[in-house]
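Asker: Dropping a structure here in structure tokens format, bear with me for questions.
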Amino acid sequence: SREYSHCFFEVAGELLAKPNILCDFIEAEGHPSALIFCNSPSDADFIDVMLKKRGLSTKKLIGHVPSHRIDAALQQLANGEVSLLIVTDVSAHGMDGRSIKVVINHSVPTDAQVYLDRLNNLRNLQNGTRVVSLVSPLDFGNFHYLKKIVQKEFLKLENPAGDILFKKRIENLHAQAQK
């Protein structure tokens, strides 16, 4: 069975806390190709808008998406045209995870089995892929239960520091200018 690195951020309860930490994390990591799981289409819409506002390249796939659209999105991810795919459980089922470096849970699923299914239902996901959950006060109960079920160590991540983010933003702007 594949092994993943399970991590989490503790996030404040306000509306913009998750999109902000998500953007900071993506920027600090140098824009790795990531899959962002949302529990609902409305969450996916909100995250898509917030990430685009911060200048991140996203593609949203929610509900029953035709396989040719999923394949096209994965190709864009592999080519670096898009760095983030925002998905729901339905749209990501059976997706090829070969080019995905990070799987992000925008919200902790209410059912721990959904967390495991998200990973098990992705084909070709690489060993050692990082799985990052954003845990707000509303998610604490589900997260506590999830840790018992998954029985893996969850590493707590520190919010990226301002100076690191500033440096990364400059590097990213420089890289974009060179393209």
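Asker: If a residue must be within 16 Å of D43 (Cβ to Cβ) and assigned to a loop (DSSP other than H, G, I, E, B), how many such residues does the stretch 112-140 contain?
Answerer: Total meeting the criteria: 1.
Asker: Residues to consider are E29, E3; find the one that is under 14 Å from the mean Cα position of the chain (by Cα) and under 22 Å from N124 (Cβ atoms). Let's see the steps before the verdict.
Answerer: Working: E3 fails: under 14 Å from the mean Cα position of the chain (by Cα).
Within the list E29, E3, the selection yields E29.
Asker: Output the residue which, of all residues in the stretch 84-100 that are in a loop (DSSP other than H, G, I, E, B) and not basic (K, R), is farthest from the chain's Cα centre (by Cα).
Answerer: Looking at residues that are in a loop (DSSP other than H, G, I, E, B) and not basic (K, R), I get G94.
Asker: Residues I26, I70: which one is in contact with a Leu (Cβ under 9 Å, 6 or more places away or on another chain) and closer than 14 Å to V102 by Cβ?
Answerer: Values: I70 fails: closer than 14 Å to V102 by Cβ.
Criteria check complete, one pass: I26.
Asker: Taking the stretch 25-52 on its own, how many of its residues are modelled with pLDDT of 90 or more and assigned to a helix (DSSP H, G or I)?
Answerer: At the first step, the residues of the stretch 25-52 found to be modelled with pLDDT of 90 or more are 25-26, 33-52.
If we keep only those that are assigned to a helix (DSSP H, G or I) as well, we get 25-26, 41-52.
Adding up the residues that qualify gives 14.
Asker: When you look at E81, is it exposed (fewer than 13 other Cβ atoms within 10 Å of the Cβ), in contact (Cβ under 8 Å) with a residue 24 or more places away in the chain and under 19 Å from Q176 (Cα atoms), yes or no?
Answerer: Numbers: exposed (fewer than 13 other Cβ atoms within 10 Å of the Cβ): yes; in contact (Cβ under 8 Å) with a residue 24 or more places away in the chain: yes; under 19 Å from Q176 (Cα atoms): yes.
Yes: the conditions hold for E81.
Asker: Among the residues of the stretch 107-135, which ones are open to solvent by 10 Å² or more (accessible area, probe 1.4 Å) and under 23 Å from D24 (Cα atoms)?
Answerer: S107, G128, R130
Asker: Across the stretch 3-24, which residue is most open to solvent (accessible area, probe 1.4 Å) among those that are more than 23 Å from Q113 (Cβ to Cβ) and assigned to a helix (DSSP H, G or I)?
Answerer: The residue in question is N20.
Asker: Further question on the same structure: Restricting to the stretch 136-158, and then to whatever is under 19 Å from E29 (Cα atoms) and open to solvent by 90 Å² or more (accessible area, probe 1.4 Å), can you tell me which residue is modelled with the lowest pLDDT? Outline the logic, then answer.
Answerer: First, pick out the residues of the stretch 136-158 that are under 19 Å from E29 (Cα atoms): 154-158.
Filter again for open to solvent by 90 Å² or more (accessible area, probe 1.4 Å), leaving 155-156, 158.
On the way: L155: 93, K156: 94, E158: 86.
Only one residue tops the list, namely E158.
Asker: If a residue has to be over 28 Å from I170 (Cβ atoms) and either open to solvent by 70 Å² or more (accessible area, probe 1.4 Å) or aromatic (F, W, Y) (or both) to count, how many in the stretch 40-70 make the cut?
Answerer: Within the stretch 40-70, the subset over 28 Å from I170 (Cβ atoms) is 40-46, 60-70.
Checking which are either open to solvent by 70 Å² or more (accessible area, probe 1.4 Å) or aromatic (F, W, Y) (or both) leaves us with 41-42, 46, 64, 67-69.
Total satisfying the criteria: 7.
Asker: Sticking with this structure for a sec: Among the residues of the stretch 159-179 satisfying the criterion of being in contact (Cβ under 8 Å) with a residue 12 or more places away in the chain and assigned to a helix (DSSP H, G or I), which is least open to solvent (accessible area, probe 1.4 Å)?
Answerer: Going residue by residue through the stretch 159-179, those that are in contact (Cβ under 8 Å) with a residue 12 or more places away in the chain are 159-160, 164-165, 168-169, 171-172.
Cutting the leftovers down to assigned to a helix (DSSP H, G or I) gives us 164-165, 168-169, 171-172.
Values: I164: 89, L165: 11, K168: 55, R169: 90, E171: 78, N172: 36 Å².
This residue is L165.
The values are calculated or read from the model by the stated rules, or taken from the named source; none is laboratory data. This structure is a prediction, so every number in the text was calculated from the model and none was measured. With ideal geometry, Cβ positions are generated from the backbone for all residues, glycine too; neighbour counts draw on all protein chains shown. Quick note on the areas: whole protein, heavy atoms, side chains included, nothing else; ligands and nucleic acids left out. Shrake-Rupley method; radii C 1.70, N 1.55, O 1.52, S 1.80 Å.
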